[in-house]
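Asker: Questions regarding the structure given below will be posed in turn.
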Amino acid sequence: MKKVIAIFVFFTGTHSVVSQTVVSSCSASDSVKVLYIDDADRLALKKIYQQNLTDTNSIVIPQAHTDTILKALIAVYNATTLPARNAVVSLYNIHTFPNPIMNRLYVAADSTLPWMQQLKAGNIPTGNTQADGLISTYSLTIQNYSSYSSWFSYHVVTFKSDSNYNTAPLTDLFENISGVVFSETGSVVGDGNDISAVIYPNHVELTYSLGWGDCPAGCINRHFWKFNVYYDCSVEYVGEYGPPLPPVPPKIFVSGSICTNATLTVNILGANSYSLNNQSVSNSQFTLSSPTATSYVILASNGTYSTSQSISIVDCGAITAVINENKSHSNISIYPNPVNEILTIEFPDSYGHINGKTEMKIVDCLGKIIINEEFRAKMKNDATQINISALPSGVYYIKVGNETRKFVKE
């Protein structure tokens with residue numbers, strides 16, 4: 001009896017029930033959808049196999065199954081007023097454990113076959129009608145060709161696709177080709193974070209879990225967060241349970257404009273103490289605004305880890321004026337400026353052709369080289385695009401060849 005009571009107390013002590021429902025949205029930009037499409041496809045496949053649906057024989061993952069789960073995942077992503085959402089999305093960045101692998105498979109076949117020799121040489125088509133048909137239909141490319149050793153008469157080709165598929169029935173089709181010894185789907189060994197989904201008549205139940213402790217052999221510890229996503233896209237946070245969470249470095253999120261007289265919103269996760277320019281701050285979320293150019297240093301700590309971030313407030317109007325003045329004297333143009341994600345470098349007609357490679361550097365205000373790349377612009381009006389979304393907000397300088405331009409990362 002004492003043993004039962006001890007177990008019961010442990011369970012209730014690690015179970016939090018704070019049900020809360022918020023209005024959300026199932027819509028998102030493509031850049032957000034791409035974060036969760038693999039999760040949605042993988043969960044759709046698991047549903048198909050767990051319920052033994054006829055779709056187990058379909059190589060193409062039925063879009064209807066994927067869409068239902070993707071909308072639920074997006075709704076949780078958009079439910080930013082829920083602290084639990086911020087934990088599973090922003091702090092721990094939880095996704096499905098990558099089994100099954102949906103875009104890779106292995107084919108082992110007699111290495112002396114002409115079509116295998118073609119694959120060894122990296123050639124597609126191979127001359128084998130069946131193999132070429134599958135390769136073409138599912139847009140497969142050669143990722144690797146392994147000969148292993150003289151012990152085996154077969155070699156193994158690793159095929160990869162840019163799309164997700166139910167690869168199990170696809171491997172069956174490869175095994176029907178004469179000379180194929182076996183074909184297998186790709187898999188990942190071990191354990192880790194995961195998401196599970198159960199579809200009900202009026203909602204989708206999503207359970208996010210964080211795994212830690214010897215996960216290559218199977219995670220010893222696992223903490224869970226449960227959400228119900230209704231078909232009107234409202235999200236109910238049901239609660240969380242499991243052992244106490246391990247400490248992780250705090251994360252600082254800054255959104256808004258770094259221009260003077262604008263507003264920045266700072267949101268800190270995973271910390272219990274915060275400071276701004278060495279002055280204590282009482283809340284994990286606050287705003288910044290300044291009429292003049294200035295700098296801020298944010299520090300967040302949880303007793304085990306600390307995270308800091310520097311922010312420079314700049315006079316965007318003055319910078320834009322300098323940029324406009326320099327345009328008539330420059331052989332290159334960069335836009336947009338200020339920029340949030342993609343910076344474009346364009347070479348006008350007056351620049352002419354560029355022979356050979358051109359070095360491009362992006363440095364911060366302290367002179368530290370952040371990006372150093374080479375590219376080749378072959379034609380007049382050629383343009384090169386750089387993704388700078390990962391850079392912290394601030395003022396940067398881009399040097400292309402012998403020319404330097406200033407830009408603002410929002």
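The values are calculated or read from the model by the stated rules, or taken from the named source; none is laboratory data. Please read all numbers here as calculations on a predicted model, not as lab measurements. Because the Cβ atoms are built from the backbone with ideal geometry, glycine has one as well, and the counts that use them run over all protein chains shown.
Asker: Anything in the stretch 266-284 that is exposed (fewer than 13 other Cβ atoms within 10 Å of the Cβ) and closer than 25 Å to residue 245 by Cβ? List them, or say none.
Answerer: So the first thing to find is which residues in the stretch 266-284 are exposed (fewer than 13 other Cβ atoms within 10 Å of the Cβ), and the list is 272, 277-280, 282-283.
Across the stretch 266-284, the qualifying residues are 272, 280, 282, 283.
Asker: Consider the stretch 117-132. How many of its residues are closer than 22 Å to residue 163 by Cα and either in contact (Cβ under 8 Å) with a residue 40 or more places away in the chain or assigned to a loop (DSSP other than H, G, I, E, B) (or both)?
Answerer: The number of residues fulfilling the criteria is 7.
Asker: Please go through (1) within 30 Å of residue 153 (Cβ to Cβ); (2) out of contact with any Lys or Arg (no Cβ under 8 Å at 6 or more places or on another chain) for residue 218 and return the number of the only condition it doesn't satisfy.
Answerer: Just one mismatch for residue 218, condition (1).
Asker: Every residue in the stretch 202-221 that is part of a strand (DSSP E or B), within 16 Å of residue 96 (Cβ to Cβ) and not β-branched (Val, Ile, Thr), please.
Answerer: Restricting attention to the stretch 202-221, the residues satisfying the condition of being part of a strand (DSSP E or B) are 203-212, 221.
Adding the requirement that they be within 16 Å of residue 96 (Cβ to Cβ) leaves 204-211.
Residues satisfying the conditions are 205, 206, 208, 209, 210, 211.
Asker: Another one. Identify, by number, the condition in (1) at pLDDT 90 or above; (2) farther than 22 Å from residue 80 by Cα that residue 239 doesn't meet.
Answerer: So residue 239 meets the others, but not (2).
Asker: Just to be sure before I move on: is residue 345 closer than 22 Å to residue 309 by Cβ, at pLDDT 80 or above and not small (Gly, Ala, Ser) in the structure I sent? Before you say what the answer is, go through the steps one by one.
Answerer: Numbers: closer than 22 Å to residue 309 by Cβ: no; at pLDDT 80 or above: yes; not small (Gly, Ala, Ser): yes.
Considered against the rule, which asks whether it is closer than 22 Å to residue 309 by Cβ, at pLDDT 80 or above and not small (Gly, Ala, Ser), residue 345 comes out as no.
Asker: Of everything in the stretch 391-410 that's surrounded by 18 or more Cβ atoms within 10 Å (Cβ to Cβ) and basic (Lys, Arg), which residue is farthest from residue 255 (Cα to Cα)?
Answerer: The residue in question is 405.
Asker: Then there's this: Could you grab me the full set of residues in the stretch 222-249 that are touching a residue at least 60 places away in the same chain (Cβ under 8 Å), assigned to a loop (DSSP other than H, G, I, E, B) and hydrophobic (A, V, I, L, M, F, W, C)?
Answerer: Here is the first cut: in the stretch 222-249, the residues touching a residue at least 60 places away in the same chain (Cβ under 8 Å) are 225, 227, 229, 233-244, 248.
With assigned to a loop (DSSP other than H, G, I, E, B) added as a condition, the list becomes 233-234, 242-244, 248.
The answer is 233, 248.
Asker: Residues in the stretch 41-81 that are over 21 Å from residue 138 (Cα atoms), part of a loop (DSSP other than H, G, I, E, B) and touching a helix residue (DSSP H, G or I) at 6+ places or on another chain (Cβ under 8 Å): how many?
Answerer: 3
Asker: Pull up the stretch 276-294, narrow it to residues that are small (Gly, Ala, Ser) and under 22 Å from residue 259 (Cα atoms), then point me to the one that is nearest to the chain's Cα centre (by Cα).
Answerer: Of the residues in the stretch 276-294, the ones small (Gly, Ala, Ser) are 280, 282, 284, 289-290, 293.
Filter once more, so that each one left must be under 22 Å from residue 259 (Cα atoms): 289-290, 293.
Details: 289: 30, 290: 33, 293: 34 Å.
In this case the residue turns out to be 289.
Asker: Considering only residues that are surrounded by fewer than 18 Cβ atoms within 10 Å (Cβ to Cβ), among the hydrophobic types (A, V, I, L, M, F, W, C) and at pLDDT 95 or above, which ones fall in the stretch 27-63?
Answerer: 37, 59, 60, listed by residue number.
Asker: Being on the phi < 0 side of the Ramachandran plot, of a type in the set (Asp, Glu) and not assigned by TED's automatic domain parsing to the domain that holds residue 338 is the requirement here; does residue 232 meet it?
Answerer: Values: on the phi < 0 side of the Ramachandran plot: yes; of a type in the set (Asp, Glu): yes; not assigned by TED's automatic domain parsing to the domain that holds residue 338: yes.
Taking the combined requirement at face value, the residue satisfies it.
Asker: Identify all residues within the stretch 185-221 that are of a type in the set (D, E, K, R) and farther than 21 Å from residue 69 by Cβ; write none if there are none. It would help to see each step written out before you state the result.
Answerer: Kept after step one, since they are of a type in the set (D, E, K, R), are these residues of the stretch 185-221: 191, 194, 205, 214.
Hits for the stretch 185-221 are 191, 214.
Asker: Taking residue 212 as meeting all but one of (1) modelled with pLDDT under 90; (2) surrounded by 15 or more Cβ atoms within 10 Å (Cβ to Cβ); (3) farther than 30 Å from residue 25 by Cα, write down the number of the exception.
Answerer: For residue 212, the exception is condition (1).
Asker: Another question about this same structure. Out of the residues in the stretch 148-178 that are buried (at least 16 other Cβ atoms within 10 Å of the Cβ), of a type outside the set (Val, Ile, Thr) and more than 30 Å from the chain's Cα centre (by Cα), state the one that is nearest to residue 47 (Cα to Cα).
Answerer: Filtering the stretch 148-178 for residues that are buried (at least 16 other Cβ atoms within 10 Å of the Cβ), of a type outside the set (Val, Ile, Thr) and more than 30 Å from the chain's Cα centre (by Cα), the one nearest to residue 47 (Cα to Cα) comes out as 173.
Asker: Could you check how many residues of the stretch 98-123 are at pLDDT 95 or above, surrounded by 15 or more Cβ atoms within 10 Å (Cβ to Cβ) and over 21 Å from residue 172 (Cβ atoms)?
Answerer: Residues flagged as at pLDDT 95 or above, surrounded by 15 or more Cβ atoms within 10 Å (Cβ to Cβ) and over 21 Å from residue 172 (Cβ atoms) within the stretch 98-123 amount to 1.
Asker: Before we move on, is residue 406 modelled with pLDDT of 75 or more, more than 25 Å from residue 256 (Cα to Cα) and part of a strand (DSSP E or B)?
Answerer: Values: modelled with pLDDT of 75 or more: yes; more than 25 Å from residue 256 (Cα to Cα): no; part of a strand (DSSP E or B): yes.
No: the conditions fail for residue 406.
Asker: List the number of the failed condition for residue 303; all other conditions in (1) outside the structural domain of residue 74 (by TED's automatic domain parsing); (2) over 30 Å from residue 364 (Cα atoms); (3) outside any loop (DSSP other than H, G, I, E, B) hold.
Answerer: (3)
Asker: Given the criteria out of contact with any strand residue (DSSP E or B) (no Cβ under 6 Å at 6 or more places or on another chain), outside the structural domain of residue 216 (by TED's automatic domain parsing) and either in contact (Cβ under 8 Å) with a residue 12 or more places away in the chain or of a type in the set (A, V, I, L, M) (or both), does residue 135 qualify?
Answerer: On the way: out of contact with any strand residue (DSSP E or B) (no Cβ under 6 Å at 6 or more places or on another chain): yes; outside the structural domain of residue 216 (by TED's automatic domain parsing): yes; either in contact (Cβ under 8 Å) with a residue 12 or more places away in the chain or of a type in the set (A, V, I, L, M) (or both): yes.
Taking the combined requirement at face value, the residue satisfies it.
Asker: Might you let me know whether the stretch 162-181 holds any residue that is in a strand (DSSP E or B) and not assigned by TED's automatic domain parsing to the domain that holds residue 49?
Answerer: At the first step, the residues of the stretch 162-181 found to be in a strand (DSSP E or B) are 180-181.
With not assigned by TED's automatic domain parsing to the domain that holds residue 49 added as a condition, the list becomes 180-181.
Within the stretch 162-181, one or more residues are in a strand (DSSP E or B) and not assigned by TED's automatic domain parsing to the domain that holds residue 49.
Asker: Condition first: within 23 Å of the chain's Cα centre (by Cα), surrounded by 17 or more Cβ atoms within 10 Å (Cβ to Cβ) and aliphatic (A, V, I, L, M). Can you find one or more residues in the stretch 227-238 that meet it?
Answerer: yes
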